[in-house]
1. For the range A:297-391, give me every one of the helices (runs of 4 or more DSSP H) that falls completely inside it and has 1 or more residues that are in contact with a Cys (Cβ under 9 Å, 6 or more places away or on another chain).
2. Out of the range A:163-176, which residues are among the polar types (S, T, N, Q) and assigned to a loop (DSSP other than H, G, I, E, B)?
3. Mind counting the residues in the range A:158-184 that are within 17 Å of the chain's Cα centre (by Cα), within 23 Å of A:Ile198 (Cα to Cα) and within 13 Å of ligand 1 (Cβ to nearest atom)?
4. Among (1) more than 16 Å from ligand 1 (Cβ to nearest atom); (2) at the interface with chain A (Cβ under 8 Å from one of its Cβ atoms); (3) under 14 Å from A:Ser258 (Cβ atoms), there is one condition B:Glu8 misses while meeting the rest; what is its number?
5. Scan the range A:239-267 residue by residue and report those that are more than 18 Å from the chain's Cα centre (by Cα) and in contact (Cβ under 8 Å) with a residue 60 or more places away in the chain.
6. If you check B:Cys13 against the conditions, is it crowded, with 20+ Cβ neighbours inside 10 Å and within 15 Å of ligand 1 (Cβ to nearest atom)?
7. Suppose we filter A:Glu368, A:Glu347, A:Glu319, A:Glu330 for residues that are without any contact (Cβ under 8 Å) to a residue 60 or more places away in the chain, touching a Ser or Thr at 6+ places or on another chain (Cβ under 9 Å) and of a type in the set (Asp, Glu); which single one remains?
8. For the structure I just gave you, tell me whether A:Val100 is of a type outside the set (Phe, Trp, Tyr), at pLDDT below 95 and part of a helix (DSSP H, G or I).
Amino acid sequence: MIKDSYDVIVVGGGPGGSSAAKNLAKLGHSVLMLEKRQEIGSPKRCAEGLSMASVDVVGKGMPKRCIAKGINGAIVYAPDGNSVTVDYGKRGGYVIERKVFDKWLAYEASRAGAKVMAMTEVTDILKDGGYVTGVKASICGEEEIEIKAKVVVAADGVESTVSRKAGLETVNKLVNVDSGFQYEMSNLNLEDDEKIIIYVGNEIAPRGYIWIFPKGHDVANVGIGISMAEKSAKFYLDNFIADNPEIFGSASIIEVNSGGIPVGGFLENMVLDGFLVVGDAAHQVNPIHGGGLKEATIAGEIASKVISGCLKKGDVSKEALSDYNQIWWEERGKKLKKVEKLRHVMEKLSDGNLNMLAKALSGDALVEMTRGNKLVTLAKILMKNPRLITLARHLL
Amino acid sequence: MAWEITKERCLRCGACVSVCPVLALELRESGILNDSGKCTLCPICERVCPVGAIRVEK
Ligand SMILES: Cc1cc2nc3c(=O)[nH]c(=O)nc-3n(C[C@H](O)[C@H](O)[C@H](O)COP(=O)(O)OP(=O)(O)OC[C@H]3O[C@@H](n4cnc5c(N)ncnc54)[C@H](O)[C@@H]3O)c2cc1C
Ligand code: SF4
Ligand code: SF4
């Protein structure tokens, strides 16, 4: 069923992998995508939120069954209980079903001509003369086999070891990885089932936030992302749930998820001879809201174009593949680096500062900021407080 | 002197793997593997684990 060699092997069957595999197959290359899990997309490591701008990138032609619920905005609660309401406008966004969605992406990759293999774990990288030349993999737990490729794409998520085995340093700093924990809950008492709800505050979620992403009726993903905290993410989320019986008093837990979210530490170099890394494995996530679906998909698209060009020229050296670095930094990296700055500033704000911001900021400004725009507006507000001037300067 | 994981708690999310500075950890479908030859008991992985499944004692 599997050939001895391919133009490209993609390690990991998440959105980044499927994006790369689909586009490379469409460009006429032979592609093998390997996924270690027995089922693509499950268990999810995601709150499943997708803005409409992201849907345009990730979900073109997405079947209805991928969508759990349409969303028309967000409510962000400051520590003092005051809130900012964000109106997403007519287009809104979705909370999706990752399990259905990721599988659909993989179907699409296979329909484009890529060969997809679930329950196939890549255990090592093959190298020859400095070039990555393929992988060692175990299919359904059987003895490892060697499969050759001209280029290997690491799309192996936050737990990526493939890059490091290939010789690319991708270890992230503890400060750049959020600890994520989430329950999918039912029988919740939601104030508005068409809005995502966010709670910020250093007591409830150190250097992060708590979210409620509604999935229809009384069901929602209830989760937390924090960093450098005293206790585990689960500890803080359990406390929050216990402290808010009006929402959670009658609720049940239907699924338990955890995950690491790379929220910074973008890589200057993401290529080696015959090798390239995309998605969470390359820390390509929005550092403020932790959304990575769109980023992984865009990176997969950029990677496929660059790899295709290199294959056609017969040069898959690091130098040739480094167009991927340039294009990614130009198209995404610069913007995300700004968002990373915003994160560094937000992390240092006290609960009092956050309360003040909730009063001063409009919902629209908030949305623009998460995209790396209008940071000057925020800087100006912060500068009104003499003690925050130095911090605010980082945004300029 | 030990690195310990409570397997029953681990949700196989891979957060720990992403921060281990010495590539001692690997997330296999069978669970987390720790290469004790490499592990320096630093204990960064313990701090990132969302469910407190890892315990490191120097
Ligand atoms: C708690 C939490 C909430 C989040 N919420 C959102 C959200 O609301 N919206 C959003 O856009 N993003 C969100 N994200 C981020 C988003 O889930 C990721 O950015 C996205 O899944 C990245 O896609 P990827 O393809 O790079 O990696 P993944 O989706 O992680 O895919 C990697 C795949 O590689 C496989 N793999 C790993 N190693 C191997 C190997 N050796 N051999 C074979 N296969 C391997 C894995 O099993 C996995 O299936 C969230 C993340 C977390 C943790
Ligand atoms: S204790 Fe440090 S070296 Fe050992 S596995 Fe954890 S992060 Fe790696
Ligand atoms: S971070 Fe914790 S839950 Fe996640 S894989 Fe590592 S030990 Fe398991």
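The values are calculated or read from the model by the stated rules, or taken from the named source; none is laboratory data. Everything quoted here is computed from the prediction, not taken from an experiment. Positions of Cβ are generated from backbone atoms using ideal geometry, with glycine treated the same way; all protein chains shown enter the neighbour counts.
1. A:318-321, A:323-328
2. Correct list: A:Thr170, A:Asn172.
3. Qualifying residue count, the range A:158-184: 6.
4. Exception for B:Glu8: condition (2).
5. Within the range A:239-267, A:Phe248, A:Gly249, A:Ser250, A:Ala251, A:Ser252, A:Ile253, A:Ile254, A:Glu255, A:Val256 meet the criteria.
6. Answer is yes for this residue.
7. A:Glu368
8. In short, no.
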